Amino acid sequence: MLEPIPFNKPFIAGKELFYIAQAVTLGNIGGDGHFTTECSRLLQERLNIHRVLLTPSCTAALEMAAILCDIGPGDEVILPSFTFVSTANAFVRLGARPVFVDIRSDTLNIDERLIEKAITPRTKVICPVHYAGVGCDMDVIMALAKKHDLWVVEDAAQGVNSWYRSQALGSIGHLGTFSFHETKNYICGEGGALCINDPELEERAEIVRDKGTNRRQFYRGLVDKYTWVEVGGSYVPSEITSAFLFGQLELLDEIATRRRTLYEFCRQHLLPLEADGLLRLPIIPEECVGNYHLFYILLPDGPARDNLLAFLKEQNIFAVFHYVPLHSSPMGQKFGYREGDLPLTEDLSRRLLRLPLYFTLTTEEQLRIVRAVADFLRRPGVPRSAKVVPVVRE
Ligand SMILES: *Cc1c(COP(=O)(O)O)cnc(C)c1O
């Protein structure tokens, strides 16, 4: 049996433990010390973002965003159903109703052409998710938000160091969120950040992040006592995780370049299968520069996907799929959604498979993966057409 190729291996850049030792030596391992500040500064400068506040996770950053948008019972939030649960939970936990919109067949991002129809007098937020680190059509989304006076919260969990028309993902909406979970491109175990692009939200964001207190203003000498001023939570990460993260963010470009090489290798080797209609490869629109967060393929149908997954496992290659659409989950059903409501989301999520893509993947391992995919798809009995829904753009 060949060595297993896991789905993910967390990448260690090299200096993480050294920086953690330094954080401990500096004597402050609570929040907002040297490394938390340095990570924020690095992200602000490199990605040209007004203000970045590190958080314990992207989920936490989304929760903060929902508080900052004053979400309450009866409000509606527009988002894709093809996303991770946290995108919806952050708003639902404050009483909002998720309004799910179908996705585009090319990027699998929310279909911006369907958003306006979903807007009602109760809509408060549009929450686009940049799937695979490829940007949603933010020009259209921002114009709609302006017209209808809505907040835009970008779920850029997968989009750290990705770009849309020369703007970093996460820097375009009023707020944006990043994830540094161990499965993402830049990691610290569990971690995240809130990007504040509307300066008017900055002061409140600091308060919400620090248990609803004005501690940060107090430290800066702006107020003479430190007290409870707002509803808040505990959204400051420890210096230990920030020190780890700094070791990764220092190599922002190196990590991006490596992932691009791995992604292109995989793509080049699978192109002949796409040409024969056996699968569909990811599409990155011209206006976007991705961060090569994940490599997915779309198979002809659900059974072909499931069978390929099992076939790869027999070869000791661990691929995965996602997402179980939120609208057809038990929670989605509680909001009145049914199977059939979002045809593209349902079709594409059944046919999608993610291949291993991590920094230390070797050429030999990549060859094993692409050859196994080809071996499977070229077998007799596998459907010959990856029934790829044509992309209709007007
Ligand atoms: C990973 C992910 C999250 C959650 O990130 P955490 O840091 O694990 O909380 C949210 N949304 C999307 C789209 C993600 O991929």
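Quick rundown of the values:
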| item | result |
| --- | --- |
| Residue match in region 329-346 (condition: touching a Gly at 6+ places or on another chain (Cβ under 7 Å) and buried (at least 17 other Cβ atoms within 10 Å of the Cβ)) | no |
| Residue check, Glu154 within 16 Å of the ligand (Cβ to nearest atom), in a strand (DSSP E or B) and touching a Gly at 6+ places or on another chain (Cβ under 9 Å) | yes |
| Qualifying residue in region 105-116 (condition: within 28 Å of Val231 (Cβ to Cβ) and of a type outside the set (Ser, Thr, Tyr)) | no |
| In region 89-114, residue farthest from Pro73 (Cα to Cα) [restricted to those that are of a type in the set (Lys, Arg) and surrounded by fewer than 22 Cβ atoms within 10 Å (Cβ to Cβ)] | Arg113 |
| Lone qualifier among Leu43, Leu47 - being of a type outside the set (D, E, K, R), over 24 Å from Phe335 (Cα atoms) and surrounded by 24 or more Cβ atoms within 10 Å (Cβ to Cβ) | Leu43 |
| Members of region 253-262 found to be surrounded by 17 or more Cβ atoms within 10 Å (Cβ to Cβ) and either aliphatic (A, V, I, L, M) or closer than 21 Å to Val373 by Cβ (or both), listed by number | Ile255, Ala256, Arg259, Leu262 |
| Residue match in region 175-186 (condition: outside the structural domain of Leu348 (by TED's automatic domain parsing) and without any contact (Cβ under 8 Å) to a residue 12 or more places away in the chain) | no |
| Some residue of region 103-111 being assigned to a strand (DSSP E or B) and within 12 Å of the ligand (Cβ to nearest atom) | yes |
| Hits in region 46-78 - residues which are over 12 Å from Phe91 (Cα atoms) and within 16 Å of the ligand (Cβ to nearest atom) | Val52, Leu53, Leu54, Thr55, Pro56, Ser57, Cys58 |
| Considering residues of region 224-248 that are under 20 Å from Leu68 (Cβ atoms) and of a type in the set (A, V, I, L, M) only, the residue nearest to the chain's Cα centre (by Cα) | Val236 |
| Sole exception among (1) assigned to a loop (DSSP other than H, G, I, E, B); (2) under 21 Å from Thr37 (Cα atoms) for Ala205, by number | (1) |
| Candidate set: region 263-288, residues that are acidic (Asp, Glu) and within 17 Å of Pro300 (Cβ to Cβ); chosen: the one surrounded by the most Cβ atoms within 10 Å (Cβ to Cβ) | Glu274 |
| Leading residue by the ranking (nearest to Lys15 (Cα to Cα)) among those in region 177-202 that are part of a loop (DSSP other than H, G, I, E, B) and of a type in the set (Gly, Ala, Ser) | Gly189 |
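The values are calculated or read from the model by the stated rules, or taken from the named source; none is laboratory data. Being a predicted model, the structure only gives us computed values, none of them experimental. Heads up, the Cβs are rebuilt from the backbone with ideal geometry, glycines too, and the neighbour counts pull from every protein chain shown.
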